[in-house]
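Take a look at the structure below.
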Amino acid sequence: MHTLPATDIELAAWLRLSLAPGLKPAALRLMLSAFGLPGAILGQSPQALAGVAGDAAARAALAPPGPEFDARLDAVIAWRELPGNQVVTLDDPAYPPALLTMPDPPPLLYIKGRLDLLHTRAVALIGSRSATPQGVEDAERFARELSAAGVAIVSGLALGIDGAAHRGGLEGIGGTVAVIGTGADLVYPAAHHALARQIAVQGAILSEWPLGTPARAANFPQRNRLIAGLASGVVIVEAAMRSGSLITARLANEMGRDIFALPGSIHAPLSRGCHRIIKQGAKLVESPEEVLEELGFARRPAVRAASASTQTVLRDGVDSRNAPPVNASAKVQPALATASAAEVNHPELTTSDTGEAVCAGSEPAPDSTTLSIAAGTPLKKPRPAAAKQAAAHGEFAAPEPPVPPLNAAAPDAQRLLAALGHSPTTLEILATRTEMEDSALQTTLLQLELAGQVTLLPGGRFMRASHSRPRVDQG
């Protein structure tokens, strides 16, 4: 897939209209349909343009460009000349066909990486920035298996579920597309610089925002509409009741896309948004195979993509050695389209998944867990099964020393509860997630079990006690 590059003069006309304050993409599309290329639009009279798109759009289109326009044009031309970068206009054959089904496709797209991924079947995986360990694992697994089936994974490069979806997508032949809410020359959040460089080589980064645009609250609902537009279906992995993911789901439903959601514990705050959207008609899914089946996507032979450890994945002047809608039967009910306007006013940048305000550029604050047991309180419960399981590895169990009381502020206790979540988890998975030594892990599990914070289930699995609602998973 190759672009049909616009000349500098043509690009100047496209850029001028895309930057015109007050000229919305839907109005510009009407003008393009009536008069052809941007150069022809700029040569029309105000009356002619107003007859097609209204007085306000006509004034916006014919307004003279600002004094900084020439410098911005030079920057776009220079950026386009860098390896792997493309500026795709609405009349370019390389423009993503899925976006042309939208009423307001962006006139310009800034793309880094593989254009072919924007012309293939795709599924969006989205969810909370403050994901639980289980949510991150589920997102990576779904993305990895969908990508192995030849499906491109679309997400928003945010922390949490988005990042996990991109990492999983990079492991398969389907690849991944990151739709961002900043200029294509910037990366937000800063923690994803390395991931963005890898995606620019093995996948694609797409933005409709002019170069240099920083992360702003108003950008992200528009970013979400492109995520919805590129995909045949949207899978929500974790979402609170007031989550930007639900906005994306509503936009996708309005475009006729299929909506899927993973269920979770009724005690988990980040499952409530998923449960809400399932009640409104989204398809409950438990495996990637269900998504493929519902969308009618046949599984392709799995070919594992080269791992990041074997590649040098840098862009823009740094060497790279290995640079390389079928609808489901179950449709979302109209109730999904009645999401309140208040949700749209809470984009992911300004509102956390629990509804707390987050400033642009900030990262979610670490959560804490308050444990109710007082230091020094005698513990006279029978020996829990966690300790029995640990002792069972030897033929003769040595007498067990007294269990020290649980300190509410103990880092190990907080780390273990954060890794545990509300789903049953094995000792081996907890050891991997926490990277704690066996003795410290087993001691902390015993303390939490005695304190009533953790329950041991049949089969040697652990989960949080259902009566407790610590803050650890609420972000």
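Considering only the stretch 115-141, state which residues are in contact with a strand residue (DSSP E or B) (Cβ under 8 Å, 6 or more places away or on another chain) and surrounded by fewer than 24 Cβ atoms within 10 Å (Cβ to Cβ).
115, 120, 121
Which residues, taken from the stretch 80-114, are over 20 Å from the mean Cα position of the chain (by Cα) and among the aliphatic types (A, V, I, L, M)?
Within the stretch 80-114, 82, 87, 88, 90, 94, 100, 102, 108 meet the criteria.
Every residue in the stretch 181-224 that is among the charged types (D, E, K, R) and either surrounded by fewer than 22 Cβ atoms within 10 Å (Cβ to Cβ) or modelled with pLDDT under 95 (or both), please.
185, 197, 216, 223
Any residue in the stretch 425-453 that's under 12 Å from residue 413 (Cβ atoms): show its pairings with residues that are modelled with pLDDT of 80 or more and loosely packed, with under 15 Cβ neighbours inside 10 Å at Cβ separation under 9 Å, as long as the two are six or more apart or on different chains.
Once the first residue is under 12 Å from residue 413 (Cβ atoms) and sits in the stretch 425-453, its partners that are modelled with pLDDT of 80 or more and loosely packed, with under 15 Cβ neighbours inside 10 Å give 434/440.
Please name all residue pairs, on different chains or six or more residues apart, with Cβ atoms under 6 Å, provided the first residue is in the stretch 125-148 and is of a type in the set (D, E, K, R) and the second residue is modelled with pLDDT under 95 and in a helix (DSSP H, G or I).
Going by the 6 Å Cβ cut-off, there are no qualifying pairs.
The values are calculated or read from the model by the stated rules, or taken from the named source; none is laboratory data. Every value quoted in this text rests on a predicted model; they were computed, and no experiment measured them. When we count neighbours, we look across all protein chains shown, and the Cβ atoms used for this are built from the backbone with ideal geometry, even at glycine.
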